[in-house]
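The values are calculated or read from the model by the stated rules, or taken from the named source; none is laboratory data. Nothing here was measured: the structure is a model prediction, and the numbers come from that model. Cβ placement follows ideal geometry from the backbone for every residue including glycine, while neighbour counts extend to all protein chains displayed. These area figures cover heavy atoms from the full protein model, side chains too; ligands, DNA and RNA do not enter into them. Shrake-Rupley method; radii C 1.70, N 1.55, O 1.52, S 1.80 Å.
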Amino acid sequence: MKSYHTLALKEILEQKVISVLILIAVILSTMMTAAVGQSAGILSAMRIQQAVAIGGDRHATFLQLTEEKAQILEQDPRVSYAGRVIPIGGRELNDLLRLELSEYQGNSIETIPSYTKLSEGKLPEAPMEIALPQDALQFLGFQGKIGDTISLPLSKSLRHGVAMDSCDYEADFVLTGITESNYLGYTYGVIRGLVGEGTAAAVLPSEYLYYSVDIRVADTKNFQAFIDDMNNRLAMHELDTLYNYPYLNALGIRCQAEAGGTMTDDSGFSFLILAGVLIVLLILAAAGLVIYNILKIAVEGRTEQYGILRAVGAQKEQLYRIVAEEVMILCAAGIPAGMLLGFLSAKGILTAALNQLPPDMFLAQDTAQLQELVTANGSGEWEYLILSAFVTLLFAFLAAAPAARYAARVSPVTAMHGNAKTKIRRRSRREKRIRNFERYYAGLNLRRNRSRTVITILSLVMSITVFITLHGVRGLIGVESTVSEHLGDYSVVNEYDGFTPEELAGMEENRNVEAVAAQQFSGYELDEQYYPVGIKTDFAMGIGEYFQIFGVNDEWADYSFEGRLTEEQLDALKDGRGCVVRNPIPMEVEGMKFGTTHIEEGSTITVAGKKLPVLLSLSGYDGYFSVGSKGFINGVQVLVSDRLYPALTGTDTYAEFKPVLKKNADRESFDRTLESLCSRTAGTTWVSYEDTDRQLEESAAQINMLAWGLILFIGLIGILNIINTVYSNIHTRVAEIGTQRAIGMSAGSLYKTFLWEGIYYGMIAAVTGSVAGYLCILAVETAVSDTLVLAPVPVIPMLEAAGISVMACLFTTAAPLRRISKLSIVEAIEAVE
């Protein structure tokens, strides 16, 4: 032997099984870190695609810009992209939906891929050409075809109601294209149509010709600072800056919310990354425990050999290096293999998941587009691969360090003495009947070497914890939660005659209906002294304001104010012993101030002779009340219970119903119910949110499918890790098994003993891992919400993890035992490994 360094390689070649087990642990840990890194990149790209499909490829939009202001914005070096859009007006389709037409100039139309999917024809290019969605044509009752002329009465006004008069006109357009219906705008009450470039100049007076500019900023870290600076430079009203929240959240860009002044963040995906890091650490810890367990047993088995080396002059550092070099050699072989397998597995599993579902479920044109996205974002991520190699190597050395330290500290005399360190402790035990010897003996074996048992169970616990944690946090990675929620499955509106209380009761009794949220509305103009006409109040209002009273039933009140009002306040609102006030938005136009009225929370107002404590006062952009999609009319809004509303207004009719259907409701039957209501009550319109929910669910399906691919992949690695751990634990006890056979234990009894050990391993690990996984879920959920959240216990994943771990333990216990039990007793006792 030319150098003691060659001893490390000789040990690896002689102890093949132990070397293979450590090599597998290294490969699995590297494979996991590489796969998580690759998958995180692909999931991030898919999440961004989902956000673009929902809100467009833009960070924000500046509204109501003149030519000069648009040029200033476009020429700012901090803007990486600017695209002009000219709103040319819209028209009401019904009380719930409005058609809005826009002219996209240059290549700005590319920022809205979800609204440009053609089912027929082509997108408009020339002036007075138009493309409309299929649902808009149905609402308009248009029966023509591509190339026909469609005449539309339209209305265009300046934003925020600051224009005293709107521009009303009628124009004839040539229908060049029919786009696919996009139901995401239904929650805002808007359907979007497209017109050709030059249309705005042809139909609008110059004073109504202004731009909306979609922008993306170059320095996303200073996004909010740029927006604030630009608002000051352009003298923009706060309402004239719209943020694309789904896209900003997907990119991890922090911004100030339009309502309430709070900051949005990238909590969804950042906590996915946090969960990914946690999972990688758990997997590495599991692999490290496997390496530690195997090396510790191997080094203990070579104690005499190390003692001889020390006796002939080997230094402690040399023995330390021998063990460390064994790990280095195995890592040199295992890490490249793990990197390659992790890279291929991440792409392969995610691609396979995509191929199982139709492309439109992923808001993409076709499968090829998704494959290109996966390829583009799954290649070239060398930083993930290098990091995985480094982290695995670090954990491997940390795991090998205790064994190397033990080898370096072996005393020559003690080592060559053999069993000098063996200590036998006998404790006084109470006699008891042994009902099952194999089970009893398995328990003794677990307690005999507690450190090995703990290490084995811990490595199993890590894998189970990973599976449960990933299963619990997969819902955090989508961006669909940033889209406005809607109350109920339908919106049914009649602002004219309204719905009677009897009609509300009839709908609530419908067999398909779980509950109905209902609201009432009355509006009052102001007289010369700025008091409402038709109802008495003890306060005057400001110039240009409007007084409104809303009545809501308990379902609507719970949805709107649960969490914002205390339980006592909410009961007071429902009982008619208080109200919620929405103050007007203060504005100044050409030196004239609007929205000057402000009613404080905690004060008392008098309406129609009733004194009402103000339970909650809303100001700024903190929400508003409306019927259907009418939006906010600047003024004072007073919301009360429907029990109090008739006493204040003298009417008990409802303006809007929001039915919530039962889980297994017959939608076709309920649709017929609404059609019957429309025929009985003139002026009734309704819209279903079924398509909106379906489209959001489909956009979320892409992320969930990919996340499930990653979960199953990690679960597979966890199973392999369990197999590796239990196999190493069994194989390193060959000599012990030979001794048990020599004193008369049958092969069947041997099987049962070790199978019981496998069951114990699996059950203890399953319980511990389930608790640890649930605690990890609580940690992530609490971090997301900033408050302690008691998430639902994932019972099914826990049972799945428990079943898989026990089965894996039984399998990995039985497989090596079958071969080992066939060895002769002498060969087993004399086994080197």
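When you check residue 198 against the structure, is it under 30 Å from residue 486 (Cβ atoms) and either at pLDDT 85 or above or open to solvent by 60 Å² or more (accessible area, probe 1.4 Å) (or both), yes or no? The answer is no for residue 198. At least 1 residues being surrounded by 20 or more Cβ atoms within 10 Å (Cβ to Cβ) is the threshold, and among the strands (runs of 3 or more DSSP E) wholly inside the stretch 59-133 those reaching it are 60-65, 79-92, 98-104, 129-133.
Can you confirm whether the stretch 487-494 contains a residue that is within 23 Å of residue 651 (Cα to Cα) and charged (D, E, K, R)? No, the conditions are met nowhere in the stretch 487-494.
Every residue, every condition in (1) touching a helix residue (DSSP H, G or I) at 6+ places or on another chain (Cβ under 7 Å); (2) among the hydroxyl-bearing types (Ser, Thr, Tyr); (3) more than 18 Å from residue 157 (Cα to Cα); (4) surrounded by fewer than 16 Cβ atoms within 10 Å (Cβ to Cβ), yes or no:
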{"residue": "202", "(1), (2), (3), (4)": "no, no, no, yes"}
{"residue": "208", "(1), (2), (3), (4)": "no, yes, no, no"}
{"residue": "212", "(1), (2), (3), (4)": "no, yes, no, no"}
{"residue": "227", "(1), (2), (3), (4)": "no, no, yes, no"}
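Determine, yes or no, whether residue 217 is in contact with a helix residue (DSSP H, G or I) (Cβ under 6 Å, 6 or more places away or on another chain) and over 29 Å from residue 626 (Cβ atoms). Please lay out each step first, then the result.
Details: in contact with a helix residue (DSSP H, G or I) (Cβ under 6 Å, 6 or more places away or on another chain): yes; over 29 Å from residue 626 (Cβ atoms): yes.
Yes, satisfied.
Residues are listed down the side, and each one gets a yes or a no for (1) within 32 Å of the chain's Cα centre (by Cα); (2) closer than 30 Å to residue 690 by Cα:
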residue: 168; (1), (2): no, no
residue: 175; (1), (2): no, yes
residue: 197; (1), (2): no, no
residue: 209; (1), (2): no, no
residue: 216; (1), (2): yes, no
residue: 223; (1), (2): yes, no
residue: 226; (1), (2): yes, no
residue: 233; (1), (2): no, no
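Keeping to the stretch 542-559, report how many residues are within 21 Å of residue 634 (Cα to Cα) and at pLDDT 90 or above. It would help to see each step written out before you state the result.
Kept after step one, since they are within 21 Å of residue 634 (Cα to Cα), are these residues of the stretch 542-559: 542-552.
Now restrict to residues that are at pLDDT 90 or above: 547-552.
Residues in the stretch 542-559 being within 21 Å of residue 634 (Cα to Cα) and at pLDDT 90 or above: 6 in total.
Only a single item in (1) open to solvent by 40 Å² or more (accessible area, probe 1.4 Å); (2) modelled with pLDDT under 75 is not met by residue 764, and it is number (2). For the stretch 667-685, the set of residues classified as modelled with pLDDT of 85 or more and either among the polar types (S, T, N, Q) or surrounded by fewer than 17 Cβ atoms within 10 Å (Cβ to Cβ) (or both) consists of 667, 668, 669, 671, 672, 673, 675, 676, listed by residue number.
Among residues belonging to the stretch 735-761 that are of a type in the set (Ser, Thr, Tyr) and surrounded by fewer than 16 Cβ atoms within 10 Å (Cβ to Cβ), point out the one that is nearest to the chain's Cα centre (by Cα). Spell out how you get there, then give the answer.
Going residue by residue through the stretch 735-761, those that are of a type in the set (Ser, Thr, Tyr) are 739, 746, 749, 751, 753, 760-761.
Imposing the further condition that a residue be surrounded by fewer than 16 Cβ atoms within 10 Å (Cβ to Cβ) reduces the set to 739, 746, 749.
Numbers: 739: 55, 746: 55, 749: 50 Å.
If we take residues in the stretch 735-761 being of a type in the set (Ser, Thr, Tyr) and surrounded by fewer than 16 Cβ atoms within 10 Å (Cβ to Cβ), then 749 is nearest to the chain's Cα centre (by Cα).
Taken over the stretch 212-240, the criterion of being outside any helix (DSSP H, G or I) and either modelled with pLDDT under 90 or under 14 Å from residue 77 (Cα atoms) (or both) is satisfied by 215, 216, 217, 218, 219, 234, 235, 236, 237. Being assigned to a strand (DSSP E or B), at pLDDT below 90, in contact with an Asp or Glu (Cβ under 8 Å, 6 or more places away or on another chain) and not β-branched (Val, Ile, Thr) is a property that residue 181 lacks.
Identify the residue in the stretch 134-161 that is under 28 Å from residue 247 (Cα atoms) and touching a residue at least 60 places away in the same chain (Cβ under 8 Å) and, among all such residues, is surrounded by the most Cβ atoms within 10 Å (Cβ to Cβ). Walk me through it before giving the result.
Let us first name the residues in the stretch 134-161 that are under 28 Å from residue 247 (Cα atoms), namely 134-136, 158-160.
This time we only want the ones that are touching a residue at least 60 places away in the same chain (Cβ under 8 Å), so: 158-160.
Numbers: 158: 16, 159: 14, 160: 18.
Residue satisfying both the conditions and the ranking: 160.
Taking the numbered list (1) more than 19 Å from residue 635 (Cα to Cα); (2) surrounded by fewer than 18 Cβ atoms within 10 Å (Cβ to Cβ); (3) modelled with pLDDT of 90 or more in turn, residue 576 passes all entries but (2).
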